[in-house]
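Note sheet for the following structure.
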Amino acid sequence: MNESSSITLLQLVQEVAYCDGSMSEEEEELILSLIDSHGLQEDRDALKNRLVEGYSSPSRNISVARGSTQRIEHDDLFKRLSALQSKEERDLAVKLAYLTAMVSRDQDDLTDINAQELALFRKITEAFHYPEERVRAIQWAADEELQQWSIPSLKQVLLSWLG
């Protein structure tokens with residue numbers, strides 16, 4: 001997988017984790033550390049600036065611009081997703097989006113995936129023109145993976161991708 005695809009998938013995870021309007025400081029730190037530790041240099045500072053706004057407490061990461069309009073727009077994300085070349089990369093994008101939505105459940109959520117996450121997940125699968133059977137197969141495989149994790153988390157999702 002090339003650097004551009006890696007950045008796209010990291011942006012995808014970031015947006016799914018944040019689409020309901022909240023992301024924990026731990027999740028933010030994890031994404032920033034992945035940018036640093038995996039040498040994802042393309043738009044590194046821009047990606048950091050796209051990270052979440054609106055914490056009740058300010059981030060310790062000086063590079064994160066609160067209230068920034070620099071967060072990636074969904075149209076831009078879908079353009080990047082459509083540029084993923086292989087079926088494997090697209091399947092991975094769907095899997096990562098699903099896993100991220102499943103593990104980023106807030107205490108107030110009544111379902112495993114809340115309405116905002118579900119809407120974004122559906123837009124992602126529609127952008128790939130995936131039939132419902134393909135989406136269900138990816139979700140089933142992801143659910144199998146989730147059952148093997150003792151404490152499902154965003155960190156676990158990203159480690160499953162990055163190894």
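Derivation of every value follows stated rules applied to the coordinates shown; laboratory data play no part. On a predicted model such as this, the values are computed, not experimentally measured, just so you know. Because the Cβ atoms are built from the backbone with ideal geometry, glycine has one as well, and the counts that use them run over all protein chains shown.
Below are the figures for this structure:
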{"quantity": "Inter-centroid distance (Cα atoms) of the range 1-28 relative to the range 131-158, Å", "calculated": "16"}
{"quantity": "Simple spin-label estimate for Arg136 and Asp75 in nanometres, 7 Å along Cα-Cβ", "calculated": "3.5"}
{"quantity": "Selection from Val135, Leu81, Leu92, by position along the positive dipole direction of the range 78-137 (Cβ)", "calculated": "Leu81"}
{"quantity": "For the range 136-141, Karplus couplings with θ = phi - 60° (6.51, -1.76, 1.60), whole Hz, Gly/Pro x", "calculated": "4, 5, 5, 5, 4, 4"}
{"quantity": "Protection proxy ranking of 121-129, 147-155 - average other beta-carbon atoms within 10 Å, highest first", "calculated": "121-129, 147-155"}
{"quantity": "Cut-off 13 Å between beta-carbons: net charge of the residues surrounding Lys95, Lys and Arg +1, Asp and Glu -1", "calculated": "-2"}
{"quantity": "Most to least packed among 132-142, 20-30, 5-15 [average Cβ atoms within 10 Å]", "calculated": "5-15, 20-30, 132-142"}
